[in-house]
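Read the structure below first, then the notes.
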Amino acid sequence: MAGDIAVRTEPRSAASSSPVVETASGRVRGLTTGGVHIFKGIPYGASTAGAHRFMPPRKPEPWSGVREATVYAGRSPQAAAGPQRPELATVWGPVDMLPVGEDCLTLHVWTPGLASSTAGGKRPVMVWLHGGAFSYGSANSPRYDSTNLAAKNDVVVVAINHRLNIFGHLDLSAVGGERFAQSGNVGVLDLVAALEWVREHATRFGGDPDNVTIFGQSGGGGKASALLAMPRAKGLFNKAIIQSGASVRFAERERTTRLADAVLKHLGLRGDQLDALQTLPLERLQEAVAPAQKTLPRPRQPLLDRYNFGPVIDGSLLPAQPFDPGAPAVSDDVPIMIGGTKDEASIFFSHEDAVWNRTLGEDEVRKRIEAVAGDATDGLLAYYKRRDPLASPTDRLITMLTMSNFAVRSILLAERKAARGKAPVWMYDFAWETPGWGGKLKAPHSVDVPFVFDTVHLIGEPHQKPGIAALAERVSGTWAAFARTGTPANAAIPPWPAYDAAKRATMILDDRCRVVNDPDGEVRPTWSRVATG
């Protein structure tokens, strides 16, 4: 099957000095570079093909000998990401071109040492949840290479591949009964299984199983939001970082059942033919995603309800909405760091010439904002024109849609977490602007990722400017500081107060980092009202 993972067990004299670790399933051999031991493509679960499609993850099949763990492996079946201008690929870095397949439950590990840290004690473990809206992406992107993050900050980093879209979140519970009761959430159950693997194996890779931080960007932030609300994940991690992906709400059973019915109808199958659904070619299932989604009505709260093929509020694995109407008690003891980029929305319009060339007029901006904000439009347009009188209509549109599509969800999550009065939450805004293409992208969605991993040398030449490497070290060091202690405080940034309803302190991450209280506080309540209906 495409994407199945080959196991090499023959001895290699050239690898005699390579690191070897005994896992619960067998030994793995990695490689060492830049002072970091790297293990790629380690299975934490068995193949999900055939009768195991739409089923909870299983332990990996054991192997004999030593398994080579030196190349990336595992990528869930998926559709391509949305349209972008070709030159914008430099924002994302090289694309993962590995074949897709259902033997995709793998993870990668970067560690400065297999024994305890030379500084004393075990290292913090940072578990990366990749982006892609629960629909596409993988942990195999070069942007996620964690060599610098691990080496410079003495942490262990783990990156996870898992099931996505229809393979991870087709809710067949209404037609399939108990056998398929968890089918809508097997993608996040994969994450739980990976975290259980981390708990079991962290010490073997020089990490501390009692000091684990989950962190993810975009869809990865949504994954962190889901794990924060899952009783099954309780105790598997101690801190969470949500980057540009706060999820306040997920789809409920009524919606996901309708979606599953539409999939079956498109494929010409009845509810008693689910065995046939498990044997269909990957491509047939993937082709059903778009037409099935088109049959769904508008979500109840369109700015908050997230993902059609994503986590399902099923009353069990996800007992309730993660952060609506409040933060979940199950993660009261988990500190959170949350934020996004200043101009998230810019990259999503990069294929529109009117936006790219800044020729959008005021009437078109009004039309687009009115579709989001309704009767709040006049007040919002007036505020941003007064705030940024020299900005083009396009740039003001980007600012407003960044707020409606991203920032307002981060704010709601942060204020609801802070209202619990248990573990603290810290808010940030990544404001560094890329100079590429005349600065038109500004600080777009995902531009922060190579700063977190200190891989800015891998993004395209148009994005390079003085100070970029220094900011990458500052940002990655701040993420690691939070993972180590539960607070982002470190010598490279100014004092950063926790977020609360009184001051709403927000760290602006840029060449000059600074704290601002309640950014855009004049319209923040308006956006919250628009988002919550």
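The values are calculated or read from the model by the stated rules, or taken from the named source; none is laboratory data. Just so it is clear, the structure is predicted and the values come from calculations on it, not from any experiment. In this analysis, Cβ positions are derived from the backbone assuming ideal geometry, glycine residues included, and neighbour counts consider all displayed protein chains.
Among the numbered conditions (1) surrounded by fewer than 16 Cβ atoms within 10 Å (Cβ to Cβ); (2) under 30 Å from residue 508 (Cα atoms), tell me where residue 272 comes up short.
Here residue 272 clears every test but (2).
Might you check whether a residue that is assigned to a strand (DSSP E or B), of a type in the set (Ser, Thr, Tyr) and crowded, with 24+ Cβ neighbours inside 10 Å occurs anywhere in the range 202-220?
Yes - at least one qualifying residue is present in the range 202-220.
Suppose the filter is in contact (Cβ under 8 Å) with a residue 24 or more places away in the chain, farther than 23 Å from residue 329 by Cα and assigned to a loop (DSSP other than H, G, I, E, B); does residue 358 pass it?
On the way: in contact (Cβ under 8 Å) with a residue 24 or more places away in the chain: yes; farther than 23 Å from residue 329 by Cα: yes; assigned to a loop (DSSP other than H, G, I, E, B): yes.
Answer is yes for this residue.
Within the range 295-320, how many residues are within 18 Å of the chain's Cα centre (by Cα) and among the hydroxyl-bearing types (Ser, Thr, Tyr)?
1
Give 144, 136 a once-over and let me know the one that is surrounded by 22 or more Cβ atoms within 10 Å (Cβ to Cβ) and either in contact with a Leu (Cβ under 8 Å, 6 or more places away or on another chain) or aromatic (Phe, Trp, Tyr) (or both).
Details: 136 fails: surrounded by 22 or more Cβ atoms within 10 Å (Cβ to Cβ).
Among 144, 136, only 144 is surrounded by 22 or more Cβ atoms within 10 Å (Cβ to Cβ) and either in contact with a Leu (Cβ under 8 Å, 6 or more places away or on another chain) or aromatic (Phe, Trp, Tyr) (or both).
If residue 428 satisfies every condition in (1) assigned to a loop (DSSP other than H, G, I, E, B); (2) assigned by TED's automatic domain parsing to the domain that holds residue 357 but one, which is the exception?
(1)
Looking at this structure, is residue 128 modelled with pLDDT under 95, in the same structural domain as residue 168 (by TED's automatic domain parsing) and either of a type in the set (Asp, Glu) or closer than 27 Å to residue 213 by Cβ (or both)?
no
Is it fair to say residue 279 is touching a residue at least 12 places away in the same chain (Cβ under 8 Å), closer than 24 Å to residue 189 by Cβ and among the polar types (S, T, N, Q)?
yes
Look at residue 526 and say whether it is among the polar types (S, T, N, Q), at pLDDT 95 or above and crowded, with 19+ Cβ neighbours inside 10 Å.
Answer is no for this residue.
Of everything in the range 385-399 that's polar (S, T, N, Q) and assigned to a helix (DSSP H, G or I), which residue is nearest to residue 524 (Cα to Cα)?
399
Assess whether residue 314 counts as being among the charged types (D, E, K, R) and out of contact with any Gly (no Cβ under 8 Å at 6 or more places or on another chain). Full working, then the answer.
Values: among the charged types (D, E, K, R): yes; out of contact with any Gly (no Cβ under 8 Å at 6 or more places or on another chain): no.
Judged against the criteria, residue 314 is not a match.
Do the conditions hold for residue 298, that is, is it assigned by TED's automatic domain parsing to the domain that holds residue 246 and surrounded by 24 or more Cβ atoms within 10 Å (Cβ to Cβ)?
No.
Is it the case that residue 465 is surrounded by fewer than 18 Cβ atoms within 10 Å (Cβ to Cβ), more than 22 Å from the chain's Cα centre (by Cα) and at pLDDT 95 or above?
No.
Okay, residues lined up against (1) in a strand (DSSP E or B); (2) under 23 Å from residue 243 (Cα atoms); (3) among the aliphatic types (A, V, I, L, M):
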| residue | (1), (2), (3) |
| --- | --- |
| 157 | yes, yes, yes |
| 175 | no, no, yes |
| 184 | no, no, no |
| 193 | no, yes, yes |
| 200 | no, no, no |
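For the range 15-52, which residues satisfy the criterion of being farther than 24 Å from residue 76 by Cα and either in contact (Cβ under 8 Å) with a residue 60 or more places away in the chain or of a type in the set (A, V, I, L, M, F, W, C) (or both)?
15, 19, 20, 21, 22, 31, 33, 34, 35, 36, 37
Hey, among the residues in the range 487-524 that are small (Gly, Ala, Ser), touching a residue at least 40 places away in the same chain (Cβ under 8 Å) and in a loop (DSSP other than H, G, I, E, B), which one's farthest from residue 434 (Cα to Cα)?
Restricting to residues being small (Gly, Ala, Ser), touching a residue at least 40 places away in the same chain (Cβ under 8 Å) and in a loop (DSSP other than H, G, I, E, B), the top hit is 501.
Considering (1) in contact with a Leu (Cβ under 8 Å, 6 or more places away or on another chain); (2) more than 19 Å from residue 146 (Cβ to Cβ), say which one residue 465 fails and leave the rest.
Condition not satisfied by residue 465: (1).
Every residue in the range 96-122 that is surrounded by 13 or more Cβ atoms within 10 Å (Cβ to Cβ), at pLDDT below 90 and under 20 Å from residue 219 (Cβ atoms), please.
96, 98
So in the range 346-370, with the set limited to residues that are of a type in the set (A, V, I, L, M) and at pLDDT 95 or above, which one is nearest to residue 486 (Cα to Cα)?
Of the residues in the range 346-370, the ones of a type in the set (A, V, I, L, M) are 347, 354-355, 360, 365, 369.
Now narrow it down to the ones that are at pLDDT 95 or above: 365, 369.
Numbers: 365: 41, 369: 38 Å.
Checking each candidate, the answer is 369.
Test residue 382 against the criterion of being free of Cβ contacts under 8 Å to residues at least 12 places away in the same chain, within 16 Å of residue 527 (Cα to Cα) and not charged (D, E, K, R), and give yes or no.
Taking the combined requirement at face value, the residue satisfies it.
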